[in-house]
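See structure below.
The values are calculated or read from the model by the stated rules, or taken from the named source; none is laboratory data. Treat the numbers as computed from the prediction; the structure is a model and nothing was measured. Cβ: placed from backbone, ideal geometry, glycine included. Neighbour counts: every protein chain shown. Calculation scope for accessible area: heavy atoms of the full protein, side chains included, ligands and nucleic acids excluded. Shrake-Rupley method; radii C 1.70, N 1.55, O 1.52, S 1.80 Å.
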Amino acid sequence: MTSRTENLNVVGIDRMATPAEIKARVPMTERAAESVLAGRRALTDILERRDPRLFVIVGPCSIHDPVAGMDYARRLLALSAEVRETLCVVMRVYFEKPRTTTGWKGFINDPRMDDSFHIEEGMERGRRFLRDVAELGLPAATEALDPIAPQYYGDLVSWTAIGARTVESQTHREMASGLSTPVGFKNGTDGSLESAVNGILSASHAHSFLGLNENGVSAIIRTRGNAHGHLVLRGGGGRPNYDTVSITLAEQALTKAKLPCNVVVDCSHANSSKKPELQPLVMRDVVHQVREGNRSIMGLMIESFLEAGNQPIPADLSKLRYGCSVTDACVDWSTTETMLRQAHEVLRGVLPTRRAA
């Protein structure tokens, strides 16, 4: 009798609904498709310098409560209309959370937040949330963590991030080469730029790799490459990297690699020492750089929710504070309004010059 050699540490393999099945349960609508495509066009126009505005990826660190998430989305839609002359606002809708060791992995992996891991339920509910946001007329941004997940909801996303923990991954670079959205590559957790620059370069080329098609069948995915990869500065290694010197070094690294000088600054993470109250100061500094003539800064990222700070996940989920993050700490809604309105006022006088350049 042949000894068993595989799945020795696997305790179960459950069937997962295919991308086609999940999409049939939560179909795309004409209104949602228009919103997604309009968002992608606006972001592409900014990156290609046809649109002088900045884009702002703003929203909760992670989605855990769709009701509070939609409350936030409706408020953000109204605010985006108020500042649309200078800012293209995209809602941050993150369902997957990379963990350094352990912890809640996000809404798709564990939608009930009780370690029951109803992944199929999470995928369907996550897709439904994205569709609801798109039907409001608000474009959405997310992080691509699981390489299979974009097959389930990528048609509802306008901007994608490759995170600091996965930016060196060949799997994620291959995936990014085939995504239909602009893709922001974050610098490494140690603050280095090399892995992100290499990621942008790699994803800009054609790739062939193993994946799944819409029917859940193993397939060879062949891509043409993504022309809209760009650098996201999030700080790291114990220091921020949004200052003028760091931005100049990023520009030089992109120029050396013969890539467009397109830089996005993440106001959170190491750039604010994970202190949400510092995010407005980071944004103010970056907007000041644009006012003083910087032309490589294309956008900003903000972690924001209805209530400030964050909270642990309690055993009794009824004790969760409404609209407060369960992952990284966020600025509250009133601070978000102030940040975007102040940036709007500063940029109103700057954009005509930026357009002429």
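Would you pull out the residues with amide H under 5 Å of A329's amide H, same chain only if 5 or more places away, H placed 1.01 Å from N?
Hits under the 5 Å cutoff: none.
Taking 2.2 N^0.38 Å as the expected size of a compact globular protein, what ratio does the Cα radius of gyration of the range 173-256 give against it, to two decimals? If you can, show how the numbers build up before the last one.
On the way: Rg = 15.2 Å, N = 84, 2.2 N^0.38 = 11.8 Å.
This ratio for the range 173-256 stands at 1.28.
Keeping all protein chains in place, calculate the accessible area per residue for the range 95-156 (probe 1.4 angstrom), answer in Å². Intermediate results must be reported in sequence, preceding the final value.
On the way: 2450 Å² over 62 residues.
Per-residue accessible area for the range 95-156 comes out at 40 Å².
Quick one: pull the percentage of alpha-carbon pairs in the chain with a separation above 31 Å. Walk me through the numbers on the way to the answer.
Values: 19626 of 63546 pairs.
Roughly 31 percent, rounded to a whole number.
Any idea of the accessible area per residue across the range 161-212, 1.4 Å probe, to the nearest Å²? Before the final figure, lay out each step's value.
Numbers: 1960 Å² over 52 residues.
For the range 161-212, the per-residue accessible area is 38 Å².
Among 7-19, 331-343, how do they line up from the highest to the lowest mean number of other beta-carbon atoms within 10 Å?
On the way: 7-19: 10.0, 331-343: 18.5.
For the peptides 7-19, 331-343, the packing ranking is 331-343, 7-19.
Got the relative contact order for the chain handy, in percent, Cα pairs under 8 Å and 6 or more residues apart? Walk me through the numbers on the way to the answer.
Details: 719 pairs, mean separation 61.5, N = 357.
In percent, rounded to a whole number, it is 17.
Compute the relative contact order of the range 104-168 as a whole-number percentage, counting only Cα pairs closer than 8 Å that sit 6 or more residues apart in sequence. Each step should come with its number before you reach the end.
Working: 69 pairs, mean separation 15.1, N = 65.
Result for the range 104-168 is 23 percent.
Ratio of alpha-carbon Rg to the 2.2 N^0.38 Å globular estimate for the range 107-191, to two decimals, please.
My calculation over the Cα atoms of the range 107-191 gives 1.15.
On full extension of the chain, what length is gained from N9 through E292, given 0.36 nm per residue of separation minus the C-alpha to C-alpha distance? Spell out each step's value before the answer.
On the way: separation 283, 0.36 × 283 = 101.88 nm, distance 5.73 nm.
The N9-E292 span can extend by a further 96.1 nm.
Using only C-alpha positions, report the orientation-averaged shadow area of the convex hull of the range 313-353, nm², one decimal.
Numbers: hull surface 15.8 nm².
Taking a quarter of the hull surface, the average projection is 4.0 nm².
List every residue whose amide H lies under 5 Å from the amide H of V89, counting only residues 5 or more places away in sequence or on a different chain, with H placed 1.01 Å from N in the peptide plane.
V56
Mind giving me the nanometre distance, one decimal, between the label points for D115 and E168, set 7 Å out from Cα along Cα→Cβ?
3.1
In nm, give the distance between the simple-model label positions of E48 and E194, each being 7 Å from the Cα along the Cα-to-Cβ direction.
The two pseudo-label positions are separated by 3.4 nm.
Convex hull over the alpha-carbon atoms of the range 1-80: what's its volume per residue in Å³? Let's see the in-between values first.
On the way: hull volume 18.0 nm³, N = 80.
Each residue corresponds to 225 Å³ of Cα convex hull volume.
Using helices alone, I'd like the mean residue ellipticity at 222 nm for the chain: each DSSP H run of four-plus residues gives -39500 (n - 2.57), total over residue count, nearest 500. Could you put the intermediate results ahead of the total?
Working: 11 runs with 132 residues, N = 357.
Value at 222 nm, helices only: -11500 deg cm²/dmol.
Please find, in a Gaussian network model of the chain (springs between Cα atoms separated by less than 10 Å), the residue of T44, T223, T29 whose mean-square fluctuation is greatest.
Of T44, T223, T29, the Gaussian network model singles out T29 as fluctuating most.
Would you mind getting the accessible area per residue of the range 1-57, heavy atoms of the protein chains only, 1.4 Å probe, in Å²? List each step's numbers first, then the result.
Working: 3680 Å² over 57 residues.
Per residue, the range 1-57 has an accessible area of 65 Å².
Among the trypsin sites (Lys or Arg not before Pro) in the range 229-262, which ones are in a DSSP loop with at most 14 other Cβ atoms within 10 Å of the Cβ? Mind listing them? Write out the running numbers ahead of the final one.
Working: sites: R234, K256, K258; in loops: R234, K258.
Of the trypsin sites (Lys or Arg not before Pro), the ones in loops of the range 229-262 whose Cβ has at most 14 other Cβ atoms within 10 Å are K258.
Ignoring ligands, DNA and RNA, what percent of the accessible area of the chain is carbon or sulfur (1.4 Å)? The partial results should precede the final answer.
On the way: 8130 of 16120 Å².
C and S atoms contribute 50 percent here.
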